[in-house]
1. At a threshold of 8 angstrom on Cα-Cα distance, excluding pairs fewer than six apart, so keeping six or more, what relative contact order does the range 148-290 reach in percent?
2. Using the Karplus curve 6.51 cos²θ - 1.76 cosθ + 1.60 with θ = phi - 60°, what ³J(HN,Hα) values do you get for each residue of the range 290-300, in whole Hz, with x for Gly and Pro?
3. Shape of the range 18-96 from its Cα gyration tensor (a ≥ b ≥ c, root eigenvalues): rounded if a/c is under 1.5, otherwise prolate when a/b > b/c, or oblate?
4. Using only the alpha-carbon atoms of the range 109-163 as identical scatterers, what base-10 log of I(q)/I(0) does the Debye formula give at q = 0.13, 0.15, 0.18, 0.21 Å⁻¹?
5. Given the Cα-Cα distance of VAL3 and ARG80 and 0.36 nm per residue of separation, how much length would full extension add, in nm?
6. Would you mind listing how long the range 163-256 runs along its three principal axes, going by Cα atoms, in whole Å with the largest first?
7. Using 0.36 nm per residue of separation minus the Cα-Cα distance, give me the extension gain between LEU279 and GLU296 in nm, one decimal.
8. Can you order the peptides 78-84, 267-273, 125-131 by their average number of other Cβ atoms within 10 Å per residue, highest first?
Amino acid sequence: MSVKKALITGIAGQDGVYLAKYLIAQGYEVHGLVRWDSDVGAFDRLSRFGRLGVSLDDVTLHIGDVCDPHNTLDLFYHIRPDMIYNLAAVSHVAVSFKTPTAAFDVISTGTLNLLEAMRRLTPRARFYQASSSEMFGNAPAPQNEDTAMMPCSPYGIAKLSAYHLVRLYRAQYDVFAVNGILFNHESPLRAHDFVTQKIVQGVKAISAGRQDCIALGNLDARRDWGHARDYVRGMFMMMQSDVPDDFVLATGQMHSVRSFAEAAFACAGMTISWQGEGLDEVGIDDGGTVRVRVDEAFFRPQELHALCGDASKAQRMLGWQPSYDFQALVRDMMEGADV
Ligand code: F7E
């Protein structure tokens, strides 16, 4: 029997590297799409592979761009993938307000290009779309597959259009295409500008005496944070199901940014107490030193206040369960090597 081939777009990101490792262990030949600038400059995205113990000899990287339909057709023609995991995105919600067209290009047009290439060249392949809880916007929690979606960021709206493309292609062309509606998922490989990793790196720097204080935005925002390791396993499980469908992956636990900071400081043996309100609120350590302050610059133009997922469909139909709870996630990020 020939070895199955998986193509991962956005392979150099947190989820891409975890997924590549998982698929290699399952015996897949893993191909990854990376942008031309992935290994230049100060931020070497490809270094995530080494940090997770994945050798670059075990993946075939292709330089390209999902926004270019010639490139996607070419990739499908040459690789003939059995599985496509579309993880390519401008994944920073705040950045999508500054570069909405870029967000739409990569997320919406990129998904369309891949679906078109698949239906023309590998119609029996399976397609995973990285949909996001950001699509729910401020719909009341808990959110599941039946919750009305009311996104409130260019990122969320672009993700919702890609989600509908997947559903259209499934209905119209009978292709196997699934949406994984994933709530926030983090790890030691998370980029520094997401709030969890920003807090973790800030606490480590404060403990080491390299930094005095962490500046954050909305401390009251609440998220359902899981571990990326659990979520890539869920992606794979969706692709094994008999019938293509859409699934929420989440822990069902919701915590505020404030409580994430408390938990991270606690891992470093520090207790934080809060004083003041709004922009004047500060987090103070036992010795009376300000360790957290609020900076308006980190607030979103439109905030998404409370996300908490109901993953009972994935539990029931796929047998998926997260293995990391909130405390285990914070610990793993705090214990992970500096990234
Ligand atoms: O923000 C608040 C911020 O940037 C979380 C992506 O993976 O998950 C992620 O999107 C919350 C927001 O993630 C800071 O206002 C406070 O309410 O870590 P984040 P996100 O926007 O939820 C979804 C599911 C995705 O699909 C996305 O691709 O934290 N917050 N202070 C802050 N956020 C940041 N980044 N920095 C702060 O200083």
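Laboratory data are not the source of any read-out in this text; all were calculated from the coordinates shown. Here the structure is a predicted model, which is why all the values come from computation and not from measurement. Cβ coordinates were reconstructed from backbone atoms using ideal geometry, including for glycine residues, and neighbour counts include every protein chain displayed.
1. In percent, rounded to a whole number, it is 24.
2. 6, 10, 9, 9, 9, 10, 4, 4, 9, 7, 7
3. Oblate, since a/c reaches 1.5 and b/c is not below a/b.
4. Debye curve over Cα of the range 109-163, log10 I(q)/I(0) at q = 0.13, 0.15, 0.18, 0.21 Å⁻¹: -0.40, -0.50, -0.65, -0.77.
5. On the way: separation 77, 0.36 × 77 = 27.72 nm, distance 1.18 nm.
Here the answer is 26.5 nm.
6. 58, 23, 21
7. So the extension gain works out to 5.4 nm.
8. Per-residue mean Cβ counts within 10 Å order the peptides as 125-131, 78-84, 267-273.
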